[in-house]
Amino acid sequence: MLTRLLVLALCIVTSGAVIRYYVLTDFLREDLGAVAQGQQLALATYVAQDVDTKVIRRRLLIERLAASVPVDLLARPEQLRGWLRDRSPYQALFSSEIIIVNASGKRVAGYPDQEAPADTDYADRDYIQSGLAGKPFIGRPLEGRESAKPVLPISAPIRNAAGEVEAVLVGMMELAAPGFLDSMLQSRGGTATGKFQLIFPESRLQIEPSQQGMDVSSIAPPGLNKLQDRAMEGFRGAGITLDAEGKEEVRAMASVPSTGWFIVARLPGREAFATVERIQDFVIRGAVLSTLVFAIIASIGLYFVFRPLFHAAAQADSMTRDELPHTSLPVVRNDEVGHLISAFNRLLFKLHEKQAELERIAHHDTLTGLPNRHQLSGRLRQVLAQAQRKGTMVGLLFMDLDGFKRINDTLGHEAGDEVLRQVAKRFGAVVRETDTLARIGGDEFVVLLSNLGADAEETVGAVATKCIEALSMPFLIAGTACKVGVSIGVALGSGESSADALLLTADRVMYQAKKTGRGRYMTHKL
């Protein structure tokens, strides 16, 4: 009991610690998650605005430069290259090259002075097609022809005096070049290990920093990341999701206003929720330490509280082995343990009172209160021994009810039990006080007659007749009149007869009486 109480107390303490662990963890995760999402959204917004400013600056520059291109030089590539060379300061913003493509999609001139292959055709490029359609265009990342590094094209139409598009001016800038996407590389502070991504939704491409500069790759297909799918559909904000490796991370999305792009700020969950992990570790260590201290203190306290109970249990155990007399135990303290010992003493007294009653129940039928088969066997042995000493006869009536099964089946077992009780009362009214009436099972009753003399047959016959007549009147059970008869087998024996022989003979004769018509008795003398 001490162990169970201690285990119960430890379970309560542990449950409290577990509840605190999860409640505190959920609270901190929710709070820190909101803070981390807000921080990432602020960073993403800052980077998006910075990228937007630089894109707008380059777009305006390429538009002004396209407006100033001498249209008459389109037919003179060498002079046009010289014109571009004179505008070399623009190269600071377009770190790769600036080229001019005519209306046929062929390259006319470029700076730095790089010759394109003769079969190079730009007509299928989206930024050329948009420029020829008269619209400035910010393209998607491409692989540079010379450097094999990702570059971003920005194009603008070159118009003649009549406003017709004669060519397209394209500025190419390397994405990893200083001065463009620096904010994606330098905006992290402290020990943050997150990343930024620049997403191009129309082409489903993404740019992210790497050790080599900037890497261009395709974004994950739909269905793998719900937050990314929402962002591709237009959602801008922050949330918590899982990366490609199944690890938790905080993501925030902010649009680059002048384009259809958006910036993604990513922060690993282990970093965002590092405080939660430290708190969890602290809670676990504190719970283990407090549980150990509580277990030690509770064990000592419970031992002193239950020591009288342990002593009483040892004494009671000695009583069960008859090493000590069955006497009341001493009550040391008037507390719960003392009340328990007092209750044990009262129980012990009750047990002594009930012992005699239990012995009676063991030898009597619980339904009718008549002696059962066990007591009948003992009584039969006594009667036979007495008959042997006195030279008298013994009569045994084995009685089985007729029609009882029908009542049990139609009216139920409770009605059948009531019939058995009333039958026992009627049989008890006709037998002598010196005789034994017993119920040995089901609807079988036995009457044992002792001290029978020369008129033994007449005596047992008279008793059998009275038993049959006792059941002649119907029984009123639950408002229903029930008729029950009895078939009786009578065995007469002397002191030399055995108990088993008498019972078996009376049983056999009873079945003969049933076969000859029921409601009668037959006698057999051993």
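The values are calculated or read from the model by the stated rules, or taken from the named source; none is laboratory data. Remember, predicted model here, so these are calculated numbers, not experimental data. Reconstructed Cβ throughout: ideal geometry from the backbone, glycine too, with neighbour counts over all protein chains shown.
A few comments on the model shown:
- Residues of the range 312-339 classified as surrounded by fewer than 14 Cβ atoms within 10 Å (Cβ to Cβ), assigned to a helix (DSSP H, G or I) and modelled with pLDDT of 75 or more, total: 5
- Any hit, the range 475-486, residues being within 20 Å of residue 373 (Cβ to Cβ) and touching a Leu at 6+ places or on another chain (Cβ under 6 Å): yes
- Residue match in the range 373-395 (condition: more than 22 Å from residue 497 (Cα to Cα), free of Cβ contacts under 8 Å to residues at least 60 places away in the same chain and of a type outside the set (S, T, N, Q)): no
- Residue 481 being closer than 21 Å to residue 420 by Cα and not in a helix (DSSP H, G or I): yes
- Candidates 462, 481, 456, 438, filtered to the one that is surrounded by 22 or more Cβ atoms within 10 Å (Cβ to Cβ) and assigned by TED's automatic domain parsing to the domain that holds residue 416: 438
- Flag if residue 495 is under 18 Å from residue 456 (Cβ atoms), assigned to a strand (DSSP E or B), in contact (Cβ under 8 Å) with a residue 60 or more places away in the chain and not basic (Lys, Arg): no
To keep it simple, each residue is scored yes or no on (1) of a type in the set (D, E, K, R); (2) more than 30 Å from residue 138 (Cα to Cα); (3) in a helix (DSSP H, G or I).
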site: 10; (1), (2), (3): no, yes, yes
site: 20; (1), (2), (3): yes, yes, yes
site: 26; (1), (2), (3): yes, yes, yes
site: 31; (1), (2), (3): yes, yes, yes
site: 40; (1), (2), (3): no, no, yes
site: 51; (1), (2), (3): no, no, yes
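- Among the residues making up the range 383-439, a single one is at positive phi and either in contact with a strand residue (DSSP E or B) (Cβ under 8 Å, 6 or more places away or on another chain) or aromatic (Phe, Trp, Tyr) (or both): 403.
- When the residues of the range 366-411 are filtered to those that are aliphatic (A, V, I, L, M) and assigned to a helix (DSSP H, G or I), the one that is surrounded by the fewest Cβ atoms within 10 Å (Cβ to Cβ) is 385.
- Qualifying residue in the range 343-359 (condition: surrounded by 14 or more Cβ atoms within 10 Å (Cβ to Cβ) and within 30 Å of residue 372 (Cα to Cα)): yes
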